[in-house]
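To start, the structure under review is shown below, and the notes come after it.
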């Protein structure tokens, strides 16, 4: 199992999101994969073959930092930390939030709520001991 898939599945379990049998849970996982591994998602790779793409992670960090939330995302690296609000995710992602919503099949507001709830846990898990995957530099 890839670190990204393991991180997503752990975050879903931690937040009591059933992974099977609940409409939308797979859509949320797919949206997270699309955000953190867009090339693999576009290629249709299986979740176990999907790994964090450093350039996608850097782009997410950059978007959050430019929106004024650099301190929040920095708190997620390693030990987790500060929460983020759905509206903050919306501001940081801009039009990309609508693309993720359309591609996942989830209403935009539902997707933003789930990303705000799950993204800190996923980032925490893919950055053990405060170390970013490969060449990504902390904001």
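The values are calculated or read from the model by the stated rules, or taken from the named source; none is laboratory data. This one's a predicted model, so the numbers in the text were calculated from it and none came from an experiment. Positions of Cβ are generated from backbone atoms using ideal geometry, with glycine treated the same way; all protein chains shown enter the neighbour counts.
Pairing residues of region 34-61 that are on the phi > 0 side of the Ramachandran plot with residues that are at pLDDT below 90 and in a helix (DSSP H, G or I), at Cβ distances under 8 Å and at least 6 apart in sequence or on separate chains, gives no pairs at all. Residues being closer than 14 Å to residue 123 by Cα and touching a helix residue (DSSP H, G or I) at 6+ places or on another chain (Cβ under 9 Å): count how many of those fall in region 35-54. So the count comes out to 6. Taken over region 39-82, the criterion of being within 14 Å of the chain's Cα centre (by Cα), closer than 14 Å to residue 119 by Cα, part of a loop (DSSP other than H, G, I, E, B) and modelled with pLDDT of 90 or more is satisfied by 52 alone.
Annotation note: of 23, 92, 116, the sole residue that is crowded, with 19+ Cβ neighbours inside 10 Å and either outside any loop (DSSP other than H, G, I, E, B) or modelled with pLDDT under 90 (or both) is 92.
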